[in-house]
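One structure below.
The values are calculated or read from the model by the stated rules, or taken from the named source; none is laboratory data. Only a predicted model underlies this, so the values are computations on that prediction, with no experimental measurement involved. Virtual Cβ from ideal backbone geometry, glycine too; neighbours counted across all protein chains shown.
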Ligand SMILES: Cc1cc2nc3c(=O)[nH]c(=O)nc-3n(C[C@H](O)[C@H](O)[C@H](O)COP(=O)(O)OP(=O)(O)OC[C@H]3O[C@@H](n4cnc5c(N)ncnc54)[C@H](O)[C@@H]3O)c2cc1C
């Protein structure tokens, strides 16, 4: 298929990858609509991509070469122990991942977007609607339940109509029309509202505190602990876990950490809806709760290490998940976190977003029409997203909601506990795409 106009709503990891995929595959005009006005690079946090997924994504062209990454090889699960500053290691597993700095990964993807793509910042999309052509030939605008199946023909008020495009409404009031609209607008997606309005992010019952600091500062801690650069440390405590690993940074290596635990009960905070607590707000209650948790539960070394984090580099984010029943409708497609919100324990979000973009590019090259493209995308990516959500839910339950008595666990017990979470899945970090 060649030609056609495409709008990508959101210009983050998924948005850049989809814009590149559509332009390279032959779309005539590709526009990215990103609401952020300032620098996106500054959102910097760490994330990891499984080595096998990264290899596949580099081969497909979705992951550009040359983006800074830090090699990780193993993951050590540790518990507080009076006899060991750095904690007692209860299990070590292989961890074939590379870690990335969000800003550097985004910059690499952004620089790969072909010049033909128009990337517009400061463009907030307030709504989208699919457009269908009725049997009488008249244009019919719709966003109702009857036309949400991703088929070529759909029924609207009893008449057969064909998807004919989609409209995007911008905050300034203007309306733009495209042949295909891709929702790469994250976990609070506006495009998802039109594709499956019944789907709502579900609060997992806990939050993550996350932060990062200059890795050189570890030297200040002294002591006999050797924080091996290629190891991820997972600190285990009753009611949560904290994952700590190195990432590359714009000014040298950094230590990135993500601590999952329930928020304080009496903080008066509401997380039942994603709009009730925007990511980022570190209230005095949440800062105090974190400090107490580090003192009470952490091996001394790791408690002191996390305390090196500048408060300005410490964030809180409620954990949600969302399993959407469909990832496409008419001429609307969902990508990355807009399509499925996966709890971060699965370390798969960035890889999944890039795989979604690969599926679009493959489909575009194979298909003769947008209808075929949309149906093929749904078949390829819908089940993959739902599988990731289910796996990450099991990981979250085991690692935060129903933690074992860690101090009683040994290597064999941990291995069995881990396999129980995988429940037959080959591992975390996402699966290879079907050929
Ligand atoms: C704590 C944490 C740890 C994680 N760790 C990992 C990991 O180890 N490995 C991994 O692979 N993934 C990880 N992830 C997930 C990963 O960051 C995302 O899954 C991935 O970046 C895909 O994001 P996205 O581009 O789909 O959405 P987002 O990054 O959320 O981007 C959405 C974009 O759309 C824009 N936007 C939103 N609404 C509108 C609108 N109405 N109009 C215009 N623009 C709009 C936003 O400004 C934003 O730029 C982690 C996530 C978290 C929170």
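Of all residues in the stretch 20-41, one or more are over 30 Å from residue 177 (Cβ atoms) and without any contact (Cβ under 8 Å) to a residue 60 or more places away in the chain. With respect to (1) in a loop (DSSP other than H, G, I, E, B); (2) away from the ligand (no atom under 15 Å from the Cβ); (3) modelled with pLDDT of 95 or more; (4) under 25 Å from residue 128 (Cα atoms), the lone exception for residue 24 is condition (1). Only one entry of 52, 34, 73, 85 meets the criterion of being touching a helix residue (DSSP H, G or I) at 6+ places or on another chain (Cβ under 8 Å), more than 10 Å from the ligand (Cβ to nearest atom) and more than 18 Å from residue 364 (Cα to Cα), and that entry is 85.
Between 360, 388, 375, 395, the distinction of being within 16 Å of the ligand (Cβ to nearest atom) and over 30 Å from residue 243 (Cβ atoms) belongs to 360 only.
Within the stretch 2-31, if we keep just the residues that are in contact with a helix residue (DSSP H, G or I) (Cβ under 8 Å, 6 or more places away or on another chain) and at positive phi, the residue that is surrounded by the most Cβ atoms within 10 Å (Cβ to Cβ) turns out to be 10. Remark: residue 68 falls outside the filter, which requires a residue to be within 23 Å of residue 434 (Cα to Cα) and more than 10 Å from the ligand (Cβ to nearest atom). Consider residue 111 carefully, then state whether it is more than 13 Å from the ligand (Cβ to nearest atom), surrounded by fewer than 20 Cβ atoms within 10 Å (Cβ to Cβ) and closer than 30 Å to residue 30 by Cα. Judged against the criteria, residue 111 is a match. Selection of the stretch 175-191 for residues being touching a strand residue (DSSP E or B) at 6+ places or on another chain (Cβ under 6 Å) and either within 12 Å of residue 33 (Cα to Cα) or within 11 Å of the ligand (Cβ to nearest atom) (or both) yields 176, 181, 182, 183, 184, 185, 187, 189, 190, 191. The set of residues from the stretch 321-360 being over 9 Å from the mean Cα position of the chain (by Cα) and under 20 Å from residue 100 (Cβ atoms) comprises 335, 345, 346, 354, 355, 356, 357, 358.
Do we find that residue 375 is outside the structural domain of residue 75 (by TED's automatic domain parsing) and crowded, with 18+ Cβ neighbours inside 10 Å in this structure? Yes, satisfied. When residue 429 is tested against (1) part of a helix (DSSP H, G or I); (2) under 19 Å from the mean Cα position of the chain (by Cα), only condition (1) is not met.
Looking across the stretch 1-21 at every residue that is closer than 23 Å to residue 337 by Cβ and outside any helix (DSSP H, G or I), the one that is farthest from the ligand (Cβ to nearest atom) is identified as 6. Six or more apart or on different chains, Cβ atoms under 8 Å: show the pairs whose first residue is in the stretch 173-189 and closer than 12 Å to residue 27 by Cβ and whose second is within 11 Å of the ligand (Cβ to nearest atom) and in a loop (DSSP other than H, G, I, E, B). Taking only residues 6 or more apart or on different chains, the pairs are 182/335.
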